[in-house]
There are 2 protein chains.
Amino acid sequence: MSVSLSCHRCGTRYDEVRVRCACGEPLWIDAEPTTFTWDDRRIPSGIWRYEDRLPIDRPEGVARAAGGTPLVRTPGLDDVAGGRVFVKDESENPTGSYKDRGSSVAIPHAVAAGDDVIGTVSYGNMAISTAAHAASLDRECIVFVPEGISPVRLELIAQYEPTIIRVRGEYGALYEDALELSERLPISVLVSDAPTRISGYKTALFEIYESFAPETPDVIALPASSGGFASGVWLGIRELERAGAIDEPPRLCLVQTAAADPITRAFEDGSADPTPMSPEETGETIAHSIGNPDPPSGARALAAVRDTDGVVVSVTDDEIRAARRRFAVDGGFCVEPASATTLAGVSRLADRGGVAAEDSIVLVPTGTGFKELGTGETDVTTETVHGADLSDRLESMLSPRRE
Amino acid sequence: MSVSLSCHRCGTRYDEVRVRCACGEPLWIDAEPTTFTWDDRRIPSGIWRYEDRLPIDRPEGVARAAGGTPLVRTPGLDDVAGGRVFVKDESENPTGSYKDRGSSVAIPHAVAAGDDVIGTVSYGNMAISTAAHAASLDRECIVFVPEGISPVRLELIAQYEPTIIRVRGEYGALYEDALELSERLPISVLVSDAPTRISGYKTALFEIYESFAPETPDVIALPASSGGFASGVWLGIRELERAGAIDEPPRLCLVQTAAADPITRAFEDGSADPTPMSPEETGETIAHSIGNPDPPSGARALAAVRDTDGVVVSVTDDEIRAARRRFAVDGGFCVEPASATTLAGVSRLADRGGVAAEDSIVLVPTGTGFKELGTGETDVTTETVHGADLSDRLESMLSPRRE
């Protein structure tokens with residue numbers, strides 16, 4: 001493609017890409033003069049392109065930034081996944097996770113319903129997202145966290161200045177408590193599978209289908225913990241089916257951490273309902289965002305898998321680390337460990353013949369890895385070179401490459 | 001708005017939002033059945049909606065995820081800014097900063113031009129972005145960092161596994177060295193104002209205008225360091241002017257850190273060219289992404305300001321901290337310190353009467369704050385409550401609110 005460059009200062013033109021003009025100033029590339037027509041491009045942004053299928057009118061504030069995330073063909077991951085990989089990058093949400101789709105609907109809905117105080121039971125992405133959206137609508141927020149929450153997680157939530165209550169005792173019991181408190185007191189504790197959150201999550205599925213049209217994806221892989229996101233994706237599939245927009249659903253591949261995987265266990269033993277796991281049965285995992293031992297939407301997630309001829313698999317921390325590295329090194333994506341499970345899970349599925357090479361596989365990394373990088377504890381290999389020696393060093397590094 | 005909810009398991013319907021069905025399963029909201037039409041919505045994503053104005057065809061990989069960021073009306077910041085605030089959230093890029101707009105054009109361009117090795121001189125967002133995009137296109141990447149780079153920054157870059165060279169000596173001298181090395185050796189060191197990066201940056205300005213149409217923004221505020229982003233925004237303005245799409249440019253408000261602000265100084269003393277600042281003249285700042293003492297596109301950034309009847313201001317670390325807090329607490333946005341300068345800068349401008357209350361002011365936070373949060377060193381106020389006492393505690397916290 002031919003290029004034309006010019007200097008802002010002296011006007012000299014060049015027909016090759018170079019950085020500086022002879023006059024010393026930097027150059028820029030002149031584009032072909034074409035007209036700009038805005039009129040036919042005004043599309044409501046993010047999840048609000050589906051406003052007519054959501055239970056609220058498009059609200060004000062940061063909720064407008066949710067969704068509209070990219071779907072990226074990522075062939076570098078095909079070998080691991082056993083098929084044709086597409087990455088649905090949910091890190092590109094205002095607080096860095098898909099939770100914003102849910103918060104963008106649930107919090108404005110609660111506010112419109114007259115609730116002045118917003119609550120949430122979470123120490124991770126849902127807490128961060130909820131606190132941000134409540135702040136954006138100038139509403140008080142109370143976040144219930146486990147007593148032993150790490151200072152690092154606290155900081156991520158506290159920046160929006162919600163009230164943070166550390167709960168001593170059984171953290172898992174808070175789900176039921178939350179529903180009861182919301183009934184009785186002037187607070188709306190928006191739990192992980194609040195129906196308004198689920199409505200927001202379905203927009204991820206709509207976007208995937210819209211990006212693929214007229215083709216359709218064969219497999220959609222997502223991490224599963226409480227079962228909320230899987231429920232939202234299933235809701236979206238059912239709406240598309242009911243509208244006659246798709247004939248066959250995608251196969252849902254839900255992935256759990258082997259440390260706490262009640263949904264996988266129920267899938268494997270053919271149960272309709274996951275059995276809650278005891279503290280003794282559950283272990284530690286680097287996938288801190290998942291691992292709910294008693295998922296409130298676990299049965300619905302299972303039903304989604306069975307309805308779509310899908311599967312639930314569990315993956316180990318070692319598999320998660322390896323997958324995370326592949327996302328970065330072969331895809332250019334920085335994903336959190338819980339998100340890396342998607343690639344690890346599909347890889348397991350591929351190993352047992354559950355994926356065909358021509359299958360379109362959508363991996364949905366649910367949140368950015370940037371929130372937890374930067375502890376400075378990783379060993380990084382570097383070399384040190386004096387500025388004056390740089391040319392020689394590079395020459396020896398690069399010389400075998402000369403054509 | 002009336003709602004209808006149903007249970008996935010037993011089919012029971014409800015006409016109010018509640019979380020659980022009487023059968024125990026979670027409920028979801030039924031949307032009005034409307035048709036899905038994809039055909040008229042297939043718009044190329046992100047920066048590639050402007051492909052015909054960019055010097056390359058839409059490439060493969062993570063470059064497809066760049067741009068298309070939301071513009072959010074954020075009235076909570078109006079009082080500080082003195083006008084009507086809109087936030088252009090550049091954190092919602094694949095590596096969390098606007099640098100992806102530049103990398104998405106520059107790296108594929110370099111690869112198409114036959115360069116196998118991509119280089120960059122950066123220890124921050126540009127390094128992260130460049131390493132990610134090179135990895136996505138399966139090209140080797142060499143990142144030149146200052147010898148004393150912190151382990152935290154290293155980790156953010158190293159995840160994509162580029163070669164990292166710590167340069168001992170004058171880090172600022174690397175810009176000129178980079179151009180020379182790129183000429184002579186089989187490497188393309190894509191500096192901060194590489195023309196292909198600048199072309200990518202202009203898409204931010206196009207998106208702002210498209211979001212505003214048919215209105216136009218009055219002020220656009222961005223941080224300035226090397227002058228590259230300001231150059232890209234100016235290039236975009238000039239293209240719109242040349243196409244007759246706008247009559248009057250927006251007033252550019254460039255903001256620098258008071259610790260190293262050669263562009264502000266040149267603006268204030270009427271110079272055409274910034275004077276490079278010596279190490280003795282520059283100080284430390286929390287706005288680590290900015291503060292280039294010898295900006296290679298500094299003169300062009302100044303020209304942009306003068307051409308748009310704009311201004312350059314400097315802000316202190318205290319102002320930056322306060323602005324960052326306001327972004328989070330009143331907007332729901334987690335922005336890095338360099339990005340918070342935008343609000344602090346406009347606030348200064350407003351203090352001296354440079355902003356009218358009816359002005360539309362676009363703040364462009366250039367990168368996410370999540371990359372540096374989570375050190376766990378901030379003091380966070382919480383209270384600890386036993387699960388059994390939660391109800392009583394909440395009741396006393398919330399009871400003054402009862403209507």
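The values are calculated or read from the model by the stated rules, or taken from the named source; none is laboratory data. Small disclaimer: the values here were computed from a predicted structure and weren't measured. All Cβ positions, glycine included, derive from the backbone under ideal geometry; neighbour counts span all protein chains shown. Heads up: the accessible areas ignore ligands, DNA and RNA and are worked out on the full protein's heavy atoms, side chains in. Shrake-Rupley method; radii C 1.70, N 1.55, O 1.52, S 1.80 Å.
Testing B:Gly387 on (1) closer than 20 Å to A:Ser182 by Cα; (2) out of contact with any strand residue (DSSP E or B) (no Cβ under 6 Å at 6 or more places or on another chain), one condition comes back false. Which one is that?
The single condition B:Gly387 does not satisfy is (2).
Return yes when B:Ser314 is closer than 18 Å to B:Ala350 by Cα and either more than 13 Å from every other protein chain (Cβ to nearest Cβ) or modelled with pLDDT of 95 or more (or both) and no when it is not.
yes
For A:Ala328, only one of the following conditions fails: (1) within 11 Å of chain B (Cβ to nearest Cβ); (2) open to solvent by 50 Å² or more (accessible area, probe 1.4 Å). What is its number?
That leaves (2) as the condition not met.
Tally up the residues in region B:211-253 that are in contact (Cβ under 8 Å) with a residue 24 or more places away in the chain and closer than 18 Å to B:Arg84 by Cα, please.
Number of matching residues: 15.
Looking only at helices (runs of 4 or more DSSP H) that fall completely inside region A:75-187, which ones have 1 or more residues that are crowded, with 24+ Cβ neighbours inside 10 Å and touching a helix residue (DSSP H, G or I) at 6+ places or on another chain (Cβ under 6 Å)?
Ranges flagged: A:78-81, A:99-112, A:125-136, A:151-158.
Counting only residues that are open to solvent by 10 Å² or more (accessible area, probe 1.4 Å) and over 14 Å from B:Gly298 (Cα atoms), how many does region B:214-234 have?
Residues that pass the stated criteria total 4.
Say we look at region A:348-376 and pick out the residues that are outside any loop (DSSP other than H, G, I, E, B) and open to solvent by less than 70 Å² (accessible area, probe 1.4 Å); which of these is nearest to B:Ile165 (Cα to Cα)?
Result: A:Thr368.
Does A:Asp379 fit the bill of being more than 8 Å from chain B (Cβ to nearest Cβ) and not in a loop (DSSP other than H, G, I, E, B)?
No.
Kindly provide the set of residues from region B:41-89 that are hydrophobic (A, V, I, L, M, F, W, C) and under 30 Å from A:Asp330 (Cα atoms), ordered by number.
Selection gives B:Ile43, B:Ile47, B:Trp48, B:Leu54, B:Ile56, B:Val62, B:Ala63, B:Ala65, B:Ala66.
Determine whether region B:385-393 contains at least one residue that is open to solvent by less than 70 Å² (accessible area, probe 1.4 Å), within 14 Å of chain A (Cβ to nearest Cβ) and not in a helix (DSSP H, G or I).
The answer is yes, given that some residue of region B:385-393 is open to solvent by less than 70 Å² (accessible area, probe 1.4 Å), within 14 Å of chain A (Cβ to nearest Cβ) and not in a helix (DSSP H, G or I).
Being over 22 Å from A:Val191 (Cα atoms), open to solvent by 40 Å² or more (accessible area, probe 1.4 Å) and in contact with a helix residue (DSSP H, G or I) (Cβ under 7 Å, 6 or more places away or on another chain) is the filter here; which residues of region A:265-306 pass it?
Across region A:265-306, the qualifying residues are A:Phe267, A:Ala272, A:Ile286.
Is it fair to say B:Tyr201 is among the hydroxyl-bearing types (Ser, Thr, Tyr), open to solvent by less than 10 Å² (accessible area, probe 1.4 Å) and at the interface with another protein chain (Cβ under 8 Å from one of its Cβ atoms)?
The answer is no for B:Tyr201.
Give the residues of region A:233-262 that are within 13 Å of chain B (Cβ to nearest Cβ) and part of a helix (DSSP H, G or I), sorted by residue number.
Scanning region A:233-262 gives A:Val233, A:Trp234, A:Leu235, A:Gly236, A:Ile237, A:Arg238, A:Glu239, A:Leu240, A:Glu241, A:Arg242.
Pick out the one residue from A:Ala259, A:Ala328, A:Ala322, A:Ala344 that is in contact with a Phe, Trp or Tyr (Cβ under 7 Å, 6 or more places away or on another chain) and hydrophobic (A, V, I, L, M, F, W, C).
Selected residue: A:Ala328, the only one of A:Ala259, A:Ala328, A:Ala322, A:Ala344 that is in contact with a Phe, Trp or Tyr (Cβ under 7 Å, 6 or more places away or on another chain) and hydrophobic (A, V, I, L, M, F, W, C).
Consider only pairs whose beta carbons are under 6 Å apart and that are at least six residues apart or on different chains; among these, list those whose first residue lies in region B:6-25 and is open to solvent by less than 40 Å² (accessible area, probe 1.4 Å) and whose second residue is in a loop (DSSP other than H, G, I, E, B) and of a type in the set (D, E, K, R).
That search, which allows pairs on different chains as well, returns B:Cys7/B:Glu25; B:Glu25/B:Arg9.
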